[in-house]
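Scroll down for the structure; my scribbles are underneath it.
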């Protein structure tokens, strides 16, 4: 669904609520030319306790941490961004939505150095269902190993959610879709499994769960962290500091993606090699069910993860 088809009309920008169509920047904005921006992707869920932002504090913490390598001064504190987000959701009369905070170097000069450019900050919210489709949550998706590699943290910080770096993700994802797959898996420069274009990867083998270490050039995903905690609380052994080879994907009992947009999405094939029995595996299903039970607040557990609108 395009934005023009959605009933949203307001964006918060630099401390003010503005009309959706007026939230614009100059064509010579530094961030447009050099990718000098940072962003977050969070969700507000329609819960039995009312609309609630999921792990918002952790998203904001990562937002500010992402700005640090670029010496980007976000001139709005966490309290202001939280109040703006809640009011924005209320103004749009949304019970569930995707939330996109973004900060970037703006318009003033166009040398590579952004030192004379102001930092612009904006927040948008809009309805967004399952990122890879509702059917994918139950039936799983087919993925391919991308020919594009994930950049190393020695080249560009991988623990910062930087706008320009998602060119890598776009290339990998579009390559997969051109070849008839729903999504890609990207290897790092050593040839180990890194992540999806916008997701972390989990592997199940012999009843235990594995996911690439942060040192494998992955983003420190908040849904990744959520699933690790939930799986351990369910009694599973989770190895979150490992390297996973490409070949291990083909011999896994189960595979799944996690992400704020993708939530918990099973993977049924990798390069047309069937994973397990080619359907959502039992451990994936248990974790996925537990995840949605929590985010929909059908239990009062983990209440500290929620900021209620």
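Bear in mind that the values in this text are calculations on the coordinates, not laboratory data. Since the structure is predicted, the reported quantities are computational estimates derived from the model, not experimental observations. Here Cβ is always computed from backbone atoms with ideal geometry, including for glycine, and neighbour counts include all displayed protein chains.
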### Query
By count of other Cβ within 10 Å, fewest leading, how are 148, 126, 56 ordered?
126, 148, 56
### Task
Please say if the stretch 1-154 is rounded, prolate or oblate, where rounded means a/c under 1.5 for a ≥ b ≥ c the square roots of the C-alpha gyration tensor eigenvalues, and otherwise the choice is prolate for a/b larger than b/c and oblate otherwise?
oblate
#### Entry: Between 0 and 90°, nearest 10: helix 78-91 axis offset from the chain longest Cα axis
90
### Message
Springs between alpha-carbon pairs under 10 angstrom, Gaussian network model over the chain: which of 253, 116, 225 fluctuates most?
### Response
116
### For the chain, built as a Gaussian network whose Cα springs stay under 10 Å, the top-fluctuating residue of 243, 289, 260
289
## Note on the structure
When the chain is treated as a Gaussian network with springs between alpha carbons less than 10 Å apart, the largest mean-square fluctuation among 51, 282, 157 is found at 282
### Degrees, to the nearest 10: 56-67 long Cα axis against longest axis of the chain
70
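In deg cm²/dmol and to the nearest 500, what is the mean residue ellipticity at 222 nm of the chain if only DSSP H runs of at least 4 residues count, each as -39500 (n - 2.57), divided by the residue total? Intermediate values should be presented prior to the final figure.
Numbers: 8 runs with 81 residues, N = 309.
Only helices count here, giving -7500 deg cm²/dmol.
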### Message
Counting other beta carbons within 10 Å of each residue's own, what order do 68, 115, 269, 150 fall into, fewest first?
### Response
115, 68, 269, 150
### Where labels lie 7 Å past Cα in the beta-carbon direction, separation of residue 135 and residue 21 in nm
3.6
### Query
Residues of the stretch 230-262 with amide nitrogen under 14 Å from the 7 Å Cα-to-Cβ point of residue 292?
262
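Report, please, the projected area of the stretch 51-94 averaged over directions, based on the convex hull of its C-alpha atoms, in nm². It would help to have the intermediate numbers written out before the result.
Values: hull surface 13.5 nm².
Projected over every direction and averaged, the Cα hull of the stretch 51-94 covers 3.4 nm².
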### Message
Starting from 0.36 nm per residue, how many nanometres of slack lie between residue 232 and residue 178 once their C-alpha separation is accounted for?
### Response
15.7 nm
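Taking only Cα atoms of the stretch 134-295, what ratio of Rg to Rh do you get with Rh as the Kirkwood inverse-distance radius? Don't skip to the answer; put the middle values down first.
On the way: Rg = 14.4 Å, Rh = 15.5 Å.
Expressed as Rg/Rh, it is 0.93.
With a ≥ b ≥ c the root eigenvalues of the C-alpha gyration tensor of the stretch 16-97, is it rounded (a/c under 1.5), prolate (a/b larger than b/c) or oblate?
Values: a/c = 2.33, a/b = 1.46, b/c = 1.60.
Oblate.
Using only the Cα atoms of the chain, what semi-axes does the equivalent ellipsoid have when each is the square root of 5 times a gyration tensor eigenvalue? Give whole Å, largest first. Walk me through the numbers on the way to the answer.
On the way: eigenvalues 201, 115, 61 Å².
The equivalent ellipsoid of the chain has semi-axes of 32, 24, 17 Å.
Quick one: if the Förster radius is 30 Å, what FRET efficiency do residue 271 and residue 61 give, using the C-beta to C-beta distance and rounding to 0.05?
Values: r = 36 Å, r/R0 = 1.21.
The value I calculate is 0.25.
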### Message
Need one word for the stretch 233-309: rounded, prolate or oblate. Basis is the Cα gyration tensor (sqrt eigenvalues a ≥ b ≥ c); a/c below 1.5 gives rounded, then a/b vs b/c decides.
### Response
prolate
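How do 11, 38 rank when sorted from fewest to most other Cβ atoms within 10 Å of their own Cβ?
Placing the least packed residue first, the sequence is 11, 38.
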### Query
Given the C-alpha centroids of the stretch 1-70 and the stretch 230-309, what is the distance between them in whole angstrom?
26
### Query
Which percent of Cα-Cα pairs in the stretch 69-136 sits in each 10 Å bin, short to long?
17, 36, 27, 18, 2
### Projected-area mean, the stretch 162-255, by convex hull of Cα positions, square nanometres
6.4
### Task
Using only Cα atoms, tell me the angle between helix 222-233 and the longest principal axis of the chain; keep it within 0 to 90° and round to the nearest 10.
40
